[in-house]
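**Student:** I have a structure here, written as structure tokens, and I will follow up with some questions on it.
The values are calculated or read from the model by the stated rules, or taken from the named source; none is laboratory data. These numbers were taken from a predicted model, which means no experiment stands behind them. Here the Cβ is made from the backbone with ideal geometry for all residues, glycine too, and neighbour counts use every protein chain on show. Just so you know, the surface numbers come from the protein's heavy atoms only, side chains and all, with ligands and any DNA or RNA stripped out. Shrake-Rupley method; radii C 1.70, N 1.55, O 1.52, S 1.80 Å.
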Amino acid sequence: MVSYSLKRAIVCFANIQEGRNAALLRDIAKRASAVPGAALLRIFSDHSFHRSGLCIAGEDDAVADAVFQIAAGARDGINLATPEHSGNHHHIGAVDLLPFSPLGEATLEDAAAVARTVGERMGRELGMSVIMYGAAHESNRSLVSVRKQTNFFQRGQEGHGSDAVQSGIVPDFGPATPTDGHGITLCGATPYVVNFNLMLDTADVSIAKQISKLIRGSSDGGLPGVQAMGYLKGTSQPGEYVAEVACNLTEPMRQGSNAEAVLKMVSQLAEDKGVHVAKSYSTNPLPSELEAWRMAGGPERIPPFDWRVAPGDQPFV
């Protein structure tokens, strides 16, 4: 059992740019899960995107240390300057995103303090460039606004993953000029966000992009709290692709903004365009799953890990 009060916890879904090297991912997972007071609740790997998310939850200091271990392992094993780590998901860092959120009676400032601790330590001990966002930065700048000031949307997917990482924002921690191999990590604190994706039965990415624009909370008639992008995603068959609507649900517990509401609207819009939703899935745990873990006493996950993969990918063994 994890030795902390069930009343509060911090959670982080660490995104790293590695989704194919099972040995490296297993080593990183073991380093993180070895930290007392932290639980590795899930690993989600995507071969096409060459990306994995590791969900860590537990005590503040323990989560900070476990996420730092993920960063250290990724720094040692991932080199963005090599073609094999380009992937076709937008990215600017070997450790691309570290979003911290409060659970239970923990506050957003508690999560922000953990994020700042990790960011500072990554810069000081690992020599990695880190930009803070959300409640972890004094301006409370959003993740989207920070990404727009980098070349995140030009790297991967339709861009070129080998292009040097660029940023109009000076990193808060670590080198002012990011290394080619490790890029920039975006580290912040926000309320919990669910990553919910919907695969369409077409390779026409323009349809996914049209649907994404319509469902965004920023669009007239869109769903509040929903951010969305259309992606072209590889399948297990070489040279085969499908279009995908990738969503961030920033208010996943809100009626009309949760995964069910997104699935319903995307399904209708897809049918209007003559296609269908083939599969839908979340990469990180749903709020209900995190709450069940917390109320059950926070049992620690140990190997074999809850290791999931994108639909159609071969599972890791």
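**Student:** In deg cm²/dmol and to the nearest 500, what is the mean residue ellipticity at 222 nm of the chain if only DSSP H runs of at least 4 residues count, each as -39500 (n - 2.57), divided by the residue total?
**Tutor:** Estimated from H runs of four or more residues: -8000 deg cm²/dmol.
**Student:** Skip the ligands, DNA and RNA, and give the accessible area per residue of the range 170-235 with a 1.4 Å probe, whole Å².
**Tutor:** Result: 40 Å² of accessible area for each residue.
**Student:** Using only the Cα atoms of the range 172-317, build the gyration tensor, take square roots of its eigenvalues as a ≥ b ≥ c, and label the shape rounded, prolate or oblate: rounded if a/c is under 1.5, else prolate if a/b is larger than b/c, else oblate.
**Tutor:** rounded
**Student:** Taking the chain as a Gaussian network, Cα atoms linked when under 10 Å apart, which of ALA74, ALA278, ALA228 shows the biggest mean-square fluctuation?
**Tutor:** The residue with the greatest mean-square fluctuation here is ALA278.
**Student:** Here is a follow-up. Using a/c under 1.5 as the rounded threshold, could you call the range 1-160 rounded, prolate or oblate? The axes a ≥ b ≥ c are square roots of the C-alpha gyration tensor eigenvalues, and prolate needs a/b larger than b/c, oblate otherwise.
**Tutor:** oblate
**Student:** With unit charges on the beta carbons (Lys and Arg positive, Asp and Glu negative) and the dipole taken about the Cα centre of the range 173-264, which residue among TYR231, GLY174, VAL205 sits farthest to the positive side?
**Tutor:** My answer, from the dipole projection, is GLY174.
**Student:** Size of the dipole of the range 146-244 about the Cα centre, Lys and Arg at +1 and Asp and Glu at -1 on the beta carbon, nothing else charged, in debye to 20?
**Tutor:** Dipole of the range 146-244, to the nearest 20 debye: 260 debye.
**Student:** Mind ranking 101-107, 217-223 by how tightly packed they are, going by the mean number of other C-beta atoms within 10 angstrom, highest first?
**Tutor:** In descending order of packing, they fall as 101-107, 217-223.
**Student:** What percent does the relative contact order of the chain come to when contacts are Cα pairs within less than 8 Å and at least six residues apart?
**Tutor:** 20 percent
**Student:** I would also like to ask the following. In nm, give the distance between the simple-model label positions of GLN154 and LYS30, each being 7 Å from the Cα along the Cα-to-Cβ direction.
**Tutor:** 4.1 nm
**Student:** Here is a further query. How large, in Å, is the chain by the Kirkwood hydrodynamic radius built from its alpha-carbon pairs?
**Tutor:** 19.5 Å
**Student:** Taking the Cα centre of the chain as origin and charging only Cβ (+1 Lys, Arg; -1 Asp, Glu), how large is the dipole, in debye to the nearest 20?
**Tutor:** Charge dipole, the chain, about its Cα centre: 120 debye, nearest 20.
**Student:** Further question on the same structure: Could you point to the residue in HIS91, ASN195, GLN255 farthest towards the positive end of the chain's charge dipole, with +1 and -1 charges on the Cβ of Lys/Arg and Asp/Glu respectively?
**Tutor:** Value: GLN255.
**Student:** How much net charge surrounds GLU138 when only the other residues with a Cβ under 15 Å from the Cβ of GLU138 are counted, with Lys and Arg +1 and Asp and Glu -1?
**Tutor:** Residues near GLU138 contribute -1 overall.
**Student:** Which of the lysines could a cross-linker span from LYS7 if the Cα-Cα distance has to be under 30 Å and same-chain partners fewer than 8 positions apart are dropped?
**Tutor:** Cα-Cα hits under 30 Å: LYS30.
**Student:** In whole angstrom, how far apart do the alpha carbon centroids of the range 237-292 and the range 177-229 sit?
**Tutor:** Value for the Cα centre distance between the two parts: 11 Å.
**Student:** Along the charge dipole of the chain, which of THR150, GLY183, SER129 sits closest to the positive end, that is, farthest toward it, with unit charges on the beta carbon of Lys, Arg, Asp and Glu (+1, +1, -1, -1)?
**Tutor:** Checking the options against the dipole of the chain, the answer is THR150.
**Student:** Which entries of LYS209/LYS279; LYS148/LYS264; LYS148/LYS209 show an alpha-carbon separation above 27 angstrom in the structure shown?
**Tutor:** LYS148/LYS264
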